[in-house]
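Participant: Dropping a structure here in structure tokens format, bear with me for questions.
The values are calculated or read from the model by the stated rules, or taken from the named source; none is laboratory data. Keep in mind the model is a prediction, meaning the values are calculated, not measured. Here the Cβ is made from the backbone with ideal geometry for all residues, glycine too, and neighbour counts use every protein chain on show. Please note that ligands, DNA and RNA were not included when accessible areas were found on the heavy atoms of the full protein model with its side chains. Shrake-Rupley method; radii C 1.70, N 1.55, O 1.52, S 1.80 Å.
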Amino acid sequence: MQSSDSLGNLGILVAIAGGALRGSIPYIYVSLGECLTEKSGRINLGMEGILLMGAMTAFAVSDQSGSPWLGLLAAAFVGGLFGLLLAGITELPGVNDVAAGIAMIIFGSGLAFFFGKQFVAPMAPQLPVIDFGQGIANAGVHAALRISPLFVLGIAVAFLMHFAFERTRWGLHLRAVGDAPDAARSMGIAVRRHRVVATTIGAALAGIGGSHLTLYFPGIWSEGISGGQGLMAVALVIFARWSPLRCLAASLLFGGAQALGPSLQSAGISGFYHVFNASPYLLTLVLMVLSCSRTRRLDGIPGSLARRG
Amino acid sequence: MHGPARVEAICIGKTFGPVRALEGVNLTVPSGTFHAIVGENGAGKSTLAKCLLGFYRPDEGEVRLDGVPVSTPAEARRAGLGMVFQHFTLAPSLTVAENLVLARTDLPAILNWKKEKERLRTFLEHAPFQINLEDRVEHLAAGQKQKVEILKQLYLETRVLILDEPTSVLTPAEADEVMTVLNALVRKEALSVILITHKLREVMAFADDVTVLRRGRWVASCSVGSTSIPEISSLMVGNAPLREQSARTDMTAGGAVLEIQNLSVLGDHGLPAVKDLSLTLKAGEILGIAGVSGNGQRELVQAIGGQRDIASGEVRVAGKPFHGTRADIRECGVFTLPEEPLQNATVPGMSVAQNIALRTFDQAPTAKLGFLLDRGAIRRAATAAVERFSIRTPSIDTPIRNLSGGNVQRAVLARDLGARPPKIMVVANPCFGLDFAATGFVHNQLVELRNGGGSVLLVSEDLDELMKIADRIVVMSDGRIAHESTRAELDLAVVGRYMGGHE
């Protein structure tokens, strides 16, 4: 990376920014999906499993069909199926959605590993990249501006979700369902239907997030590919106070933290490599400690999540 | 369809399992009148209201609105029946405007907030009270929430408004304001009102007619002008003998036993709920803390009981710092009985006997060698307590959550006042939701503790209760003590003003 050297220390920042644009994508989709689910008053802790299922499905379908776009759709579909399954289970009487979510992590990752066995090694057709940096001479900046279409789509989904929550009847009903289910029911709003729909769409988004892991450089499937991003994204929603736009911002922060280790290494700073690589995990811990307090209740938390104590 | 409607309930019967909740109840509310339904807890008032609204389908009988039968919530809504519940049905993290818009049944898929707000402002111009549309509901005081509930019904063009104990969370002044507005709406022929209440003063002041229920049966209906409070109360209670009220022995209060010094406590949102509050409880007195709920009473009780961290200040018992640990509680003899005892003072799934043993299970005689439970001793103690406090329970092994509210309260009092009565009792709203007999019982127990030289700190939203048994009353408003007076010099109007935070 001579180009980074030519920019000096700025090169590291450019690399981190580029990494943030790439690495934030799974966080964006999972956190938006989780945000939608939690607005309806449900928690989907199984996002990690759904992310892995999405990654494996996208890879397999892209590999078999030759079309990465088909892989993307398949990942969203499989994610949606998992969401529907979780929603169905949690609507049964006496089912705790935290326990059901943890079961989904195990189920989703187990299934992904099982079907993914035959796909370890080869490289599937990848999604194209959009080159925003055409004509920029500096190779480092240029590399950072080669952006996945999923990033652009993710931004659109965040704004669309924000619009839906604030400006549509469906969004208003969904927020009422998550905030005060009994009140919503008394106004004739179908609480169960809203929750099932939100959980399903939320999980489909996580499936799309998973497809980024295998349909973008380096584009291979491996069992450790998600690295807990599905779980961190769930924590990120709390930090983002259940706002889609803040989820977007927080995802960029996490993507940047994830790029810290590799960027420093490529700039020749390899001391504490593993510490820097752990920065998303540390960031999660620090943010959780800062945003949760024994004496304060969270602002903006959907009422039915707050009341579970 | 606008304007008030006539409601008839004909020979309504409703059974839940073995319980006959309603039997042959008749109710007629002529169009444009204000009708009160009174009765003790468990008399079937709320069940009747839910039948009117279609939430419950009666086993027998029929509900008619202007002669047309109504049997589902959707039919009731379309016909113009609306209800303000005892517990708020607003979404707390949504704004007032969002809550009002949410209630609309003809909402378009994409909201035009400009148009919606315009519509709301036009509506508010003619509304009986004003409210800021942009406020989040969770930041509103109870009285304001109640107003939003009523505004919501007016916005929906409700023709018959049913209110279930709407003033239980309001100050006397707020309650009167709400009642006056409802009365005026009825006079203006805007709607008919059905009010479920146990406050007979409100019935006499604002209603046209009153119907009395007792144990699920219709007892009487008459116009308010032709009856009186004593007559209604005797109809409500029937000929059940009321227990003699324990006489308050005249005694001068002794020295300070519980001192709260400059106490500050944070609430759930991290904002100060109790602010630099100082208070002294003396031996042999009942000190009442009046106030509208949400003014820091809950946090104060939790802080005294050790359930909530103290931000600054101190609680001292008999001159020594008190931290609410089990050892402190035992040594100092300070028991705390929070409000809603089933959730806050019992283990709902454990048996009556085990719950009664919670204070003493780790001591002789119910514990052997300091750690082995003696089940025989626990059962004997529970049997004695059930006898002495007349707890109505199928057996001492029944989970306590299966008991009625009054009997849960009796069981908790049996635990706290039975074997080893405390020196100090901190009690919050002990009679909330209890009927006459259970209320009288609780009051007697507290007065007897005081007569025996004990002290009671009684936090209550019910001024009548405080005036009946407290020796001294302070008013808590916005986390501070706003006013203090002795029993003899108490002026209800002044106390009401301080409760509202107007002085």
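Participant: Please indicate, with yes or no, whether at least one residue in the range A:20-30 is in a helix (DSSP H, G or I), open to solvent by 20 Å² or more (accessible area, probe 1.4 Å) and under 30 Å from A:Arg241 (Cβ atoms).
Facilitator: yes
Participant: Moving on to the next point. From the list B:Ala377, B:Ala381, B:Ala318, exactly one residue is closer than 22 Å to B:Ala256 by Cα, among the small types (Gly, Ala, Ser) and either loosely packed, with under 13 Cβ neighbours inside 10 Å or at pLDDT 85 or above (or both). Which is it?
Facilitator: B:Ala318
Participant: Is at least one residue of the range A:216-226 open to solvent by 30 Å² or more (accessible area, probe 1.4 Å), hydroxyl-bearing (Ser, Thr, Tyr) and under 30 Å from A:Leu70 (Cβ atoms)?
Facilitator: Within the range A:216-226 (the criterion being open to solvent by 30 Å² or more (accessible area, probe 1.4 Å), hydroxyl-bearing (Ser, Thr, Tyr) and under 30 Å from A:Leu70 (Cβ atoms)), the answer is yes, since at least one residue qualifies.
Participant: Closer than 30 Å to B:His269 by Cβ, more than 24 Å from the chain's Cα centre (by Cα), within 12 Å of another protein chain (Cβ to nearest Cβ) and surrounded by 20 or more Cβ atoms within 10 Å (Cβ to Cβ): does that describe B:Val101?
Facilitator: yes
Participant: Determine which member of the set B:Asp435, B:Asp471, B:Asp464 is modelled with pLDDT under 85, over 22 Å from B:Gln343 (Cα atoms) and not small (Gly, Ala, Ser).
Facilitator: None of the other options fit; the residue is B:Asp464.
Participant: Can I ask one more? Take the conditions touching a residue at least 40 places away in the same chain (Cβ under 8 Å) and crowded, with 18+ Cβ neighbours inside 10 Å and apply them to B:Thr211. Does it pass?
Facilitator: Considered against the rule, which asks whether it is touching a residue at least 40 places away in the same chain (Cβ under 8 Å) and crowded, with 18+ Cβ neighbours inside 10 Å, B:Thr211 comes out as yes.
Participant: Let me ask another. Tell me, which strands (runs of 3 or more DSSP E) wholly within the range B:252-291 include 3 or more residues that are more than 14 Å from chain A (Cβ to nearest Cβ) and in contact with a Gly (Cβ under 8 Å, 6 or more places away or on another chain)?
Facilitator: Filter on the range B:252-291 gives B:256-266, B:272-282.
Participant: Something else now. So which residues in the range B:321-345 are surrounded by fewer than 19 Cβ atoms within 10 Å (Cβ to Cβ) and of a type in the set (A, V, I, L, M), if there are any at all?
Facilitator: Selection gives B:Ala327, B:Leu342.
Participant: Would you be able to say whether some residue in the range B:56-70 is assigned to a helix (DSSP H, G or I) and either buried (at least 16 other Cβ atoms within 10 Å of the Cβ) or within 14 Å of chain A (Cβ to nearest Cβ) (or both)?
Facilitator: no
Participant: Report whether or not B:Leu492 is in contact (Cβ under 8 Å) with a residue 24 or more places away in the chain and either of a type in the set (S, T, N, Q) or open to solvent by 30 Å² or more (accessible area, probe 1.4 Å) (or both).
Facilitator: In short, yes.
Participant: Let me ask another. Out of (1) in a helix (DSSP H, G or I); (2) open to solvent by 10 Å² or more (accessible area, probe 1.4 Å), what's the single condition that is false for A:Gly116?
Facilitator: Condition not satisfied by A:Gly116: (2).
Participant: What's the number of the only condition in (1) within 14 Å of chain B (Cβ to nearest Cβ); (2) within 30 Å of B:Leu53 (Cβ to Cβ); (3) buried (at least 16 other Cβ atoms within 10 Å of the Cβ) that A:Ala190 fails to meet?
Facilitator: (3)
Participant: Can you tell me how many residues within the range B:10-55 are part of a helix (DSSP H, G or I) and among the basic types (Lys, Arg)?
Facilitator: Summing the residues that are part of a helix (DSSP H, G or I) and among the basic types (Lys, Arg) in the range B:10-55 gives 2.
Participant: Across the range B:265-281, which residue is modelled with the lowest pLDDT among those that are farther than 17 Å from B:Val474 by Cβ and touching a Lys or Arg at 6+ places or on another chain (Cβ under 7 Å)?
Facilitator: So the residue we want is B:His269.
Participant: For the range B:71-92, what are the residues that are farther than 18 Å from B:Leu163 by Cβ, within 14 Å of chain A (Cβ to nearest Cβ) and open to solvent by 20 Å² or more (accessible area, probe 1.4 Å)?
Facilitator: B:Thr72, B:Ala74, B:Glu75, B:Arg78, B:Pro92 - these are the residues of the range B:71-92 that are farther than 18 Å from B:Leu163 by Cβ, within 14 Å of chain A (Cβ to nearest Cβ) and open to solvent by 20 Å² or more (accessible area, probe 1.4 Å).
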